[in-house]
Amino acid sequence: MGSVCESDLRSLNDLFSTNFEAGNTAEHSIIVHVSKDDPKTTFNGLNYGYETDESSRIYLPRAFVPPPPAPPPADPPPVTPPNFVTATIEFPRFVFVAELAEVLMDFTGYGWNRLDSMGEGLSNVLGTLLHPAGYYDASQGPRINQWLNGGGGPSPTSPRFDFVANTEGTDRNIFSYGCAILFINYLVSQLGYPLKSVIRAGGSSLAETYARLTGKPSSSAFQSFNALLQKHIGSQVSNSMRRDNIFPLFDAAQRTVVLTVGTPIESADPADPGPVPFEVKPGIVCPPGKFDFFRQHQHVEVPIYARARGTANAIFRWQIEGTTVAVGQVLFVL
């Protein structure tokens, strides 16, 4: 854990365009309290923002045991099993970055509030950026599907509520900060603004961030964002995106699929239990005769990976000479 704290701080310093060490007084730093899993604790991390009168504090009360994975759906697609050893190591690192990002929100004063939906969205994006395995393999995400599926509006059956113009004053509502996560990814991966620029733009709402970046009215922020979603995934309420960042989304003519062939994997199968006779003519002047051979089988697996760009949630179907074959694994590359 401690081995990556300083490097994570350097990464966030770069993204926030700060030098947090230089800004602090000599006697004030950041104190990180790490403890074993506390069954009475319901939160993954806690901080008190940037504390000017003392060292800023970050608490990681569940640092060694990530939350148990959610039960699988009734008919899940074949996926790569999460690496729970990696998840156990990376989970507290993900939480640390999310909490440290909130301290830097206070420190910079760009307008991000660690206690509202906008700030919670950014802290999730940053934690996932630096430690994706601690987020996905620890079953912490994705966190965008609840909002995509219509939750969080004035009524359970309402369309997706506009948490872009309307910042909710809590960091506990997955609908509002799920929308914030998706919108920040939209600004970066769809509109092409560097994450550093998004952070610097800040503001009291994500619509204001959008206006500062694009020069367009803040009133058009959610409209353009939601119009893109409607075009590509419609109003369906059964979305099951596997990653928080579904961008960029392109029209069909612009979408691409890249195939990559992996290194062949050879494995020797056992030889036949008994000999198999073959008629062989050993030489030009030798008469043909039957000889016994033991057949040795060789199994060669050639992995082929497909990566789609431009579609929200690609589904691949593989065929070999017209015969449908099963997908062995579903992998994700951030």
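Of the listed residues Asp251, Asp171, Asp8, the order by accessible area with a 1.4 Å probe, largest first, is Asp251, Asp171, Asp8.
Find the Cα radius of gyration of region 148-266, compare it with 2.2 N^0.38 Å by division, and give the number to two decimals. Don't skip to the end; give the middle numbers.
Working: Rg = 16.4 Å, N = 119, 2.2 N^0.38 = 13.5 Å.
Here the Cα radius of gyration is 1.21 times the empirical estimate.
Full extension of the chain between Thr41 and Val302 yields a length gain of 89.3 nm, computed as 0.36 nm times the residue separation minus the alpha carbon distance. Backbone phi angles across region 300-312, fed through the Karplus curve with coefficients 6.51, -1.76 and 1.60 (θ = phi - 60°), yield HN-Hα couplings of 10, 9, 10, x, 10, 10, 10, 10, 9, 10, x, 10, 5 Hz in residue order; Gly and Pro are listed as x.
Straight-line reach from Lys290: taking Cα to Cα under 17 Å and skipping same-chain neighbours fewer than 8 places apart, the lysines in range are Lys281.
The values are calculated or read from the model by the stated rules, or taken from the named source; none is laboratory data. All of these numbers come straight from a predicted model, not from anything done at the bench. Only protein heavy atoms, including side chains, enter the accessible area calculation; ligands, DNA and RNA are left aside. Shrake-Rupley method; radii C 1.70, N 1.55, O 1.52, S 1.80 Å.
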